[in-house]
1. Return the residues of the stretch 447-476 that are at pLDDT below 90, surrounded by fewer than 20 Cβ atoms within 10 Å (Cβ to Cβ) and part of a helix (DSSP H, G or I); say none if nothing qualifies.
2. Return the residue satisfying two criteria in turn: it lies in the stretch 364-389 and is in contact with a helix residue (DSSP H, G or I) (Cβ under 9 Å, 6 or more places away or on another chain) and closer than 19 Å to residue 275 by Cα, and of such residues it is surrounded by the fewest Cβ atoms within 10 Å (Cβ to Cβ).
3. Quick check on my filter: what residues within the stretch 383-430 are outside any helix (DSSP H, G or I), in contact (Cβ under 8 Å) with a residue 24 or more places away in the chain and more than 13 Å from residue 453 (Cα to Cα)?
4. Go through (1) over 18 Å from residue 131 (Cβ atoms); (2) not in a helix (DSSP H, G or I) one by one and return the number of the condition residue 68 breaks.
5. Please tell me if residue 107 is part of a loop (DSSP other than H, G, I, E, B) and assigned by TED's automatic domain parsing to the domain that holds residue 126.
6. Among the residues of the stretch 236-246, count how many are farther than 13 Å from residue 303 by Cβ and surrounded by fewer than 19 Cβ atoms within 10 Å (Cβ to Cβ).
7. Going by the structure shown, is residue 62 closer than 30 Å to residue 450 by Cα, over 26 Å from the mean Cα position of the chain (by Cα) and assigned to a loop (DSSP other than H, G, I, E, B)?
């Protein structure tokens, strides 16, 4: 393990991120509502930490292996989450303790979106924008950005890319060189954000809200600048625009690349995962509409646009709220929460198990049923008309097993802190799936849960964002053997 080279790279990445601390400071200058000083202090602290890590190790340049790549990613996300907590610690408007500040930082960085902060409409614009900016950077992954714009890292970018990009097929690249792939991902990400922002402006949002909500929508974090989230705007146009871009962000970004490069939408429907993704959302919307309109006049106030945006928001792990779903027919909140376990597509900014994994698990289960009937028959599994190797199927089952293990361990830890079983289930599912959607009393009392429960959720957020294995592998003895 090349530790000094790793420390040098992490230091450079922290210095890069510290520059983004100055953006909210400029927002504070524009709106003149305070809050700028905490970001200048945070920039100075972050840049100093990055310099201290980089300067003594600046001459250590060596080709890194796969293990080094995993360690860099985990170290950077942990350190970044800690540095990201500095404005929450310094800010006097919200008065967060250390644990809660770290919770808020990791929640936005991992695009989970769960928050203990209230009275958002009264907070300085700089702090609100900072949450959206960190969320947006975390959506695609700051590691991919660093690989794209920092060739001076002196490291084969594939090691970082493999550890960062979600999904079971991590070796698929859109461009021959990994730096080109990372740049392509970010160009698509930025383009979607700009188009989404323009649509929000046309729908009547002001510039600040349009930029902030476009960040949150494309990153699929569901954080708003208002306490009432999307309900603040009370606009069907805003709801439909949000729904459309949540679906786009929930797709594999490789499909966006194909569509743009070929000027054709056929690549979307040819993709089996995308078809499954759209089918799941369509079925959920139809079921939700039927349940609501068959449940009596008490729910007839729920308009079509509100039902659609709420269903898509929860199912894709985005987490925007336009209604308090705790007051919907009881089956719907639980159904939508279960759908969030599936989440979005691989290669997207969403969370959950990913549609392709659930699809492969269902295909393999079907194959095993066929084998019971015809034990000697040979069945191959195909995705997009391509035969899948057994190695990919093994990795999917391994991921699912690791997911269940992490979920159960976290569930029992939170229960041991005094939370009841139902609230513990909601807290773990919210953090591990990076959805931020917490049902029942757990949502109202998020600020009051114990510090152990909050740290457990922070770790789960990292597990979910880094796709379990990237973090779990560091706890295996084999990883540290030379």
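The values are calculated or read from the model by the stated rules, or taken from the named source; none is laboratory data. All of these numbers come straight from a predicted model, not from anything done at the bench. Here the Cβ positions follow ideal geometry from the backbone for every residue, glycine too, while neighbour counts run over all protein chains shown.
1. 447, 448, 469, 472, 473, 474, 475
2. Here the residue is 385.
3. Hits for the stretch 383-430 are 383, 384, 388.
4. Answer for residue 68: the failing condition is (2).
5. For residue 107, the condition - part of a loop (DSSP other than H, G, I, E, B) and assigned by TED's automatic domain parsing to the domain that holds residue 126 - is not met.
6. 1
7. Considered against the rule, which asks whether it is closer than 30 Å to residue 450 by Cα, over 26 Å from the mean Cα position of the chain (by Cα) and assigned to a loop (DSSP other than H, G, I, E, B), residue 62 comes out as no.
Conditions (1) part of a loop (DSSP other than H, G, I, E, B); (2) within 21 Å of residue 259 (Cβ to Cβ); (3) in the same structural domain as residue 65 (by TED's automatic domain parsing); (4) modelled with pLDDT under 95, marked per residue:
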site	(1), (2), (3), (4)
126	no, no, yes, yes
137	no, no, yes, yes
146	no, no, yes, yes
156	yes, no, yes, yes
180	no, yes, no, yes
193	no, yes, no, no
196	no, yes, no, no
210	no, no, no, no
